[in-house]
1. Can you give the Kirkwood hydrodynamic radius for region C:9-65, in Å, rounded to one decimal and based on Cα pairs?
2. Ignore the peptide's own chain and count Cβ atoms of other chains within 10 Å of each Cβ in B:14-25; give me the average, rounded.
3. Starting from the alpha-carbon convex hull of the protein assembly as shown, give the projected area averaged over all orientations, in nm².
4. Structure shown: which of B:Lys69/C:Lys56; A:Lys69/B:Lys69; B:Lys69/C:Lys69 lie over 27 Å apart, alpha-carbon to alpha-carbon?
5. Would you mind listing the distances between the C:Thr77 label point and the same position in each other copy? Use 7 Å along Cα-to-C-beta, nm, one decimal, shortest first.
6. Which ³J(HN,Hα) values, rounded to whole Hz and listed in residue order, are derived for region C:42-58 from phi using the Karplus coefficients 6.51, -1.76 and 1.60 in 6.51 cos²θ - 1.76 cosθ + 1.60 with θ = phi - 60°, glycine and proline given as x?
7. Could you let me know the centre-to-centre spacing of region A:4-29 and region C:87-102, using Cα atoms, in angstrom?
8. Between copies, how far apart are the C:Thr44 label points? List them in nm, one decimal, shortest first, with each point 7 Å from Cα toward Cβ, please?
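The values are calculated or read from the model by the stated rules, or taken from the named source; none is laboratory data. Model, not experiment: these values are computed from the prediction. Cβ sites come from the backbone with ideal geometry, for glycine too, and all protein chains shown count toward neighbours. These area figures cover heavy atoms from the full protein model, side chains too; ligands, DNA and RNA do not enter into them. Shrake-Rupley method; radii C 1.70, N 1.55, O 1.52, S 1.80 Å.
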Amino acid sequence: MHLFIHHTSASLTLNENASPEVRADFERHFNATVPEDAPYYRHTLEGPDDMPAHLKGSILGFSLTLPVKDGALLLGTWQGIYLCEHRDRGGRRTLTATLTGE
Amino acid sequence: MHLFIHHTSASLTLNENASPEVRADFERHFNATVPEDAPYYRHTLEGPDDMPAHLKGSILGFSLTLPVKDGALLLGTWQGIYLCEHRDRGGRRTLTATLTGE
Amino acid sequence: MHLFIHHTSASLTLNENASPEVRADFERHFNATVPEDAPYYRHTLEGPDDMPAHLKGSILGFSLTLPVKDGALLLGTWQGIYLCEHRDRGGRRTLTATLTGE
């Protein structure tokens with residue numbers, strides 16, 4: 001199954017589905033390494049959270065291709081799908097899911 | 001549709017197709033966070049821009065899988081395809097496009 | 001062909017298949033930029049290498065979609081598949097390979 005998010009400031013990735021601390025550490029890590037107000041940003045018109053959101057988006061990616069078997073996603077025990085919102089106020093997000101194969 | 005770039009120092013990603021500043025900020029951000037001349041690089045034979053190019057390549061990725069509907073790419077309004085050249089002089093690049101489905 | 005790794009602390013990516021220095025530089029770069037013991041980590045129960053492993057996993061990604069032609073992978077001359085183990089002691093890893101098309 002292919003999942004695709006139609007935006008440039010929100011991502012899809014996989015990661016641990018058990019401890020919510022992992023999701024919070026994700027946010028803190030990417031805020032630390034892709035900072036707001038980097039001196040080299042020129043694209044600042046849409047606010048300080050916009051350019052970091054674009055960068056985080058491409059680092060984490062906008063789609064997932066996941067194996068399916070017997071009608072169910074074949075994920076690892078600890079794998080869950082993360083929809084990462086990189087804007088402070090992201091609004092509604094649109095995804096497309098496509099199933100391929102027999 | 002699947003797009004694949006047959007190289008290890010150039011990437012494919014999606015991002016904003018409107019402001020060219022976003023593309024320039026991408027280049028500045030990855031140059032700042034994946035520097036040339038990091039003290040821990042050993043693979044330096046092909047020049048100071050080579051190892052950073054490999055790292056940027058894997059961070060951004062070498063392929064895109066994009067949904068297609070009614071014969072057209074189903075991208076978000078602001079999504080455009082970025083071919084990211086990570087070498088200073090990258091030369092010619094080869095891609096393969098594969099269409100799957102009915 | 002789609003390759004998928006069923007874990008959240010090991011990745012699949014492509015990169016140079018010639019010099020083993022590239023693989024070693026990969027490890028050094030990601031150890032430097034996704035450090036153990038970052039002050040903002042809360043998910044520390046499973047050891048100092050666990051949260052960095054989750055982050056490296058999502059930065060590099062958990063799957064590859066690769067073109068196939070005449071029964072063979074259609075990779076670039078220098079492209080090889082990297083299975084990146086991000087834990088110090090990762091144990092056994094499970095992958096799923098799926099072939100699509102005619």
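1. Answer for region C:9-65: a Kirkwood hydrodynamic radius of 12.4 Å.
2. For peptide B:14-25, the averaged partner shielding equals 6.
3. It is 16.3 nm².
4. Over 27 Å apart, Cα to Cα: B:Lys69/C:Lys56.
5. For C:Thr77, the inter-copy label distances come out at 4.5, 4.5 nm.
6. Values, residue by residue: 10, 7, 10, 4, 8, x, x, 8, 7, 5, x, 5, 4, 5, 4, x, 6 Hz.
7. Computed from Cα coordinates, the inter-centre distance equals 21 Å.
8. Nearest first, the other copies' label points are 3.5, 3.5 nm away.
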